[in-house]
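To keep things clear, I will list the structure first and then write my remarks on it.
The values are calculated or read from the model by the stated rules, or taken from the named source; none is laboratory data. Just so it is clear, the model here is predicted, and its values are computed rather than measured. Note that we place each Cβ from the backbone using ideal geometry, even for glycine, and neighbour counts take in every protein chain shown.
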Amino acid sequence: MELITGQDVSKVYHNGGVPIEALKGVSFSIEKEAFVSVVGPSGSGKTTLLNLIGCLDKPSGGRLLVAGTDVAGLGRTDAAIFRGSHIGFIFQSFNLIPVLTAYENVEYPLIMVQNVPAAQRRRQVQDLIAAVGMSDQQTKRPDQLSGGQKQRVAIARALVTHPQLVLADEPTANLDHDTAMGIIRLMKGIRKELQTTFVFSTHDVRIIDEAEGIYRIEDGLLKESHNQGGGHDHD
């Protein structure tokens, strides 16, 4: 069953009055519980596509359905509510709040976005911190954590609201090989356990090799999409 469907989705930015076509009418679908990568050179439109799916930006044209909602028609407030209910984000730079502990960073969306009662909040946070193997580090602030530990906290934060969809923009770019592979295995295990859909924007061949579907974008156009079992060679 499809979680995301795009029909002729376009995005035009204006730079000094000059129109720039970031996406030129792409059509695609992503099924529930997918583990897929959006790949392409820098400036190809892959981050733009993730931002549109994540309701961080609005398409200039076309139709974009996420979890049955046409997100192109959402106003700013409704888009924020939709994101809080359905979507988690993982960023290359982690985007953790420096003054909060690991525990408090994971807890933050439950307070600010979903207003979850304290006892339930504590259970959800502790469950996710344990799932990413950070229980013994939960009282530390981000500057006391390694890159891999920060990314584990970021993954827990993305998942604590129990989103249907997690969007990850270059989530392993700052990590060494062993740490990156551990993070990928962690996300795959969580996907299986929680039935979460993961969509990555990435250059990282480690993620591309583990992806079960690949969407290749060049010059704002969807050049190809295919499914695979993981572990295949790619150009």
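Restricting attention to region 182-221, and to residues there that are of a type in the set (Val, Ile, Thr) and not in a strand (DSSP E or B), which single residue is surrounded by the most Cβ atoms within 10 Å (Cβ to Cβ)? Step by step, filter region 182-221, then rank; the result is ILE207. Residue-level check: of (1) modelled with pLDDT of 85 or more; (2) in contact with a strand residue (DSSP E or B) (Cβ under 8 Å, 6 or more places away or on another chain), HIS203 misses just (1).
Among THR196, THR172, which is the only one that is modelled with pLDDT under 90, of a type in the set (Ser, Thr, Tyr) and under 18 Å from the mean Cα position of the chain (by Cα)?
Criteria check complete, one pass: THR172.
Here LEU175 meets the list (1) more than 19 Å from GLU104 (Cβ to Cβ); (2) surrounded by fewer than 18 Cβ atoms within 10 Å (Cβ to Cβ); (3) without any contact (Cβ under 8 Å) to a residue 40 or more places away in the chain almost entirely, failing just condition (2). Taking region 122-154, which residues are part of a loop (DSSP other than H, G, I, E, B) and either surrounded by fewer than 12 Cβ atoms within 10 Å (Cβ to Cβ) or touching a Lys or Arg at 6+ places or on another chain (Cβ under 6 Å) (or both)? Matches in region 122-154: VAL132, MET134, THR139.
In region 1-42, counting only strands (runs of 3 or more DSSP E) that sit wholly within it, the ones holding 2 or more residues that are more than 15 Å from GLU224 (Cα to Cα) and at pLDDT 95 or above span 2-15. Taking residues in region 122-133 that are in contact (Cβ under 8 Å) with a residue 12 or more places away in the chain and under 11 Å from ILE155 (Cα atoms), and partners anywhere that are of a type in the set (Lys, Arg) and not in a helix (DSSP H, G or I), not one pair has Cβ atoms closer than 8 Å while being at least 6 places apart or on different chains.
Among residues of region 58-73 that are of a type in the set (Val, Ile, Thr), those with a Cβ under 6 angstrom from a residue that is in a strand (DSSP E or B) and crowded, with 16+ Cβ neighbours inside 10 Å, sequence gap 6+ or separate chain, pair up as VAL66/ILE4; VAL71/LEU64. If the condition is being crowded, with 17+ Cβ neighbours inside 10 Å and basic (Lys, Arg), then region 29-53 contributes only LYS46.
The single residue among LEU56, LEU23, LEU3 that is in contact with an Asp or Glu (Cβ under 9 Å, 6 or more places away or on another chain) and surrounded by 14 or more Cβ atoms within 10 Å (Cβ to Cβ) turns out to be LEU3. Looking at region 77-121, which of its residues are exposed (fewer than 14 other Cβ atoms within 10 Å of the Cβ), more than 15 Å from the chain's Cα centre (by Cα) and not in a helix (DSSP H, G or I)? The answer is ILE97, PRO98, VAL99, ASN115, PRO117. The set of residues in region 53-76 being under 15 Å from VAL199 (Cβ atoms) and in a strand (DSSP E or B) consists of LEU64, LEU65, VAL66.
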